[in-house]
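Engineer: Please see the structure below; I have some questions.
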Amino acid sequence: AAGVIQSPRHLIKEKRETATLKCYPIPRHDTVYWYQQGPGQDPQFLISFYEKMQSDKGSIPDRFSAQQFSDYHSELNMSSLELGDSALYFCASSLKSGQGETQYFGPGTRLLVL
Amino acid sequence: AQSVAQPEDQVNVAEGNPLTVKCTYSVSGNPYLFWYVQYPNRGLQFLLKYITGDNLVKGSYGFEAEFNKSQTSFHLKKPSALVSDSALYFCAVRDDSWGKLQFGAGTQVVVTP
């Protein structure tokens, strides 16, 4: 079965640079979530989109922005990168129908800011 | 507000023995509860969820979890652990049928041969 695809898998950036992370949801899934997992920490919710509209916002810095496109893929744009942005960034997708949607996670993008 | 507690940082068990990973939760409404497993350098893999209905939920790879409303718990169990079950396990909760997940801190499971 098709899974969530994230690219790139690894990314190394310098401080103050920008980065763009991409997420391709499972086919027919209409909702995308972004989470950030710092070293030794649990995943923290950043932002989500449903049918190309932002549906919820968590602890996402103002330096970050995201959007969902017409083909339902999503991009997380990160500017003025800081050392503390080094983390594993997960995208999850789901289909919002019925009760109890399940979020399926991608393999993550490991970002290292030097 | 919603929160999850996983009281054990690490659980050690011998292969073939029962495995239990504890999780307690707090939500303002009806709980929607999930277990995910994370292997090194991998994403989160969905194991099982409780939405409504039977308190005992069966999931992937022989795992099951028991929902206990009075104790606000959702412990993950496996009757006979395998070395390959060694991984990081996350309990997650939300108070609606969809939306962001609130994760616990995670429990590292170590299964020794």
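The values are calculated or read from the model by the stated rules, or taken from the named source; none is laboratory data. Here the structure is a predicted model, which is why all the values come from computation and not from measurement. Using ideal geometry, Cβ is built from the backbone for each residue, glycine included, and neighbour counts are taken over all protein chains shown. Ligands, DNA and RNA are excluded from the accessible area calculation, which covers all protein heavy atoms including side chains. Shrake-Rupley method; radii C 1.70, N 1.55, O 1.52, S 1.80 Å.
Engineer: Which residue, of B:SER86, B:SER60, is at pLDDT 95 or above and either under 22 Å from A:ASP42 (Cα atoms) or out of contact with any Phe, Trp or Tyr (no Cβ under 7 Å at 6 or more places or on another chain) (or both)?
Structural biologist: None of the others qualify; the one that does is B:SER86.
Engineer: Same structure again: Can you tell which of B:ALA92, B:ALA1, B:ALA105 is under 24 Å from A:PRO39 (Cβ atoms), part of a loop (DSSP other than H, G, I, E, B) and small (Gly, Ala, Ser)?
Structural biologist: Matching residue, one of B:ALA92, B:ALA1, B:ALA105: B:ALA105.
Engineer: Inspect the range B:3-17 for any residue being among the polar types (S, T, N, Q), at pLDDT 95 or above, closer than 26 Å to A:PHE45 by Cα and crowded, with 20+ Cβ neighbours inside 10 Å and give the result as yes or no.
Structural biologist: Scanning the range B:3-17 turns up at least one residue that is among the polar types (S, T, N, Q), at pLDDT 95 or above, closer than 26 Å to A:PHE45 by Cα and crowded, with 20+ Cβ neighbours inside 10 Å.
Engineer: Residues in the range A:45-53: is at least one outside any strand (DSSP E or B), of a type in the set (Asp, Glu), within 14 Å of another protein chain (Cβ to nearest Cβ) and open to solvent by less than 30 Å² (accessible area, probe 1.4 Å)?
Structural biologist: Looking for residues that are outside any strand (DSSP E or B), of a type in the set (Asp, Glu), within 14 Å of another protein chain (Cβ to nearest Cβ) and open to solvent by less than 30 Å² (accessible area, probe 1.4 Å), one finds none in the range A:45-53, hence no.
Engineer: Can you report the number of residues in the range A:31-44 which are within 8 Å of chain B (Cβ to nearest Cβ) and closer than 18 Å to A:GLY100 by Cα?
Structural biologist: 2
Engineer: If you don't mind, there's one more thing I want to ask. Output the residue which, of all residues in the range B:96-107 that are more than 7 Å from every other protein chain (Cβ to nearest Cβ) and within 18 Å of B:ALA65 (Cβ to Cβ), is most open to solvent (accessible area, probe 1.4 Å).
Structural biologist: The qualifying residue most open to solvent (accessible area, probe 1.4 Å) is B:GLN102.
Engineer: Can you give me the number of residues within the range A:62-107 that are part of a loop (DSSP other than H, G, I, E, B), more than 18 Å from A:THR31 (Cβ to Cβ) and either touching a helix residue (DSSP H, G or I) at 6+ places or on another chain (Cβ under 8 Å) or within 11 Å of chain B (Cβ to nearest Cβ) (or both)?
Structural biologist: 1
Engineer: Then there's this: Please go through (1) at pLDDT below 95; (2) surrounded by 13 or more Cβ atoms within 10 Å (Cβ to Cβ); (3) among the acidic types (Asp, Glu) for A:ASP71 and return the number of the only condition it doesn't satisfy.
Structural biologist: A:ASP71 satisfies all of (1) at pLDDT below 95; (2) surrounded by 13 or more Cβ atoms within 10 Å (Cβ to Cβ); (3) among the acidic types (Asp, Glu) except (2).
Engineer: Can you name the residue in the range B:68-89 that is assigned to a loop (DSSP other than H, G, I, E, B) and open to solvent by 50 Å² or more (accessible area, probe 1.4 Å) and is also nearest to B:ALA1 (Cα to Cα) among such residues?
Structural biologist: B:THR72
Engineer: To continue, here is another question. Quick check, is A:SER97 of a type in the set (Ser, Thr, Tyr) and either surrounded by fewer than 19 Cβ atoms within 10 Å (Cβ to Cβ) or out of contact with any Phe, Trp or Tyr (no Cβ under 8 Å at 6 or more places or on another chain) (or both)?
Structural biologist: yes
Engineer: Let me ask something additional. Answer with yes or no whether B:LYS22 is among the basic types (Lys, Arg), open to solvent by 20 Å² or more (accessible area, probe 1.4 Å), in contact with an Asp or Glu (Cβ under 7 Å, 6 or more places away or on another chain) and more than 21 Å from A:TYR35 (Cβ to Cβ).
Structural biologist: Against the criterion (among the basic types (Lys, Arg), open to solvent by 20 Å² or more (accessible area, probe 1.4 Å), in contact with an Asp or Glu (Cβ under 7 Å, 6 or more places away or on another chain) and more than 21 Å from A:TYR35 (Cβ to Cβ)), B:LYS22 qualifies.
Engineer: What single numbered condition from (1) under 24 Å from B:ALA5 (Cβ atoms); (2) open to solvent by 20 Å² or more (accessible area, probe 1.4 Å); (3) free of Cβ contacts under 8 Å to residues at least 40 places away in the same chain; (4) assigned to a strand (DSSP E or B) fails to hold for A:GLN36?
Structural biologist: Just one mismatch for A:GLN36, condition (3).
Engineer: Follow-up question, since we're still on this one. Does A:ALA1 meet the test of being within 14 Å of chain B (Cβ to nearest Cβ), open to solvent by less than 40 Å² (accessible area, probe 1.4 Å) and either closer than 22 Å to B:LEU47 by Cα or part of a loop (DSSP other than H, G, I, E, B) (or both)?
Structural biologist: When the stated conditions are applied, A:ALA1 does not pass them.
Engineer: What is the number of the single condition among (1) surrounded by fewer than 20 Cβ atoms within 10 Å (Cβ to Cβ); (2) assigned to a strand (DSSP E or B) that B:PRO40 does not meet?
Structural biologist: Going through the list (1) surrounded by fewer than 20 Cβ atoms within 10 Å (Cβ to Cβ); (2) assigned to a strand (DSSP E or B), B:PRO40 breaks only (2).
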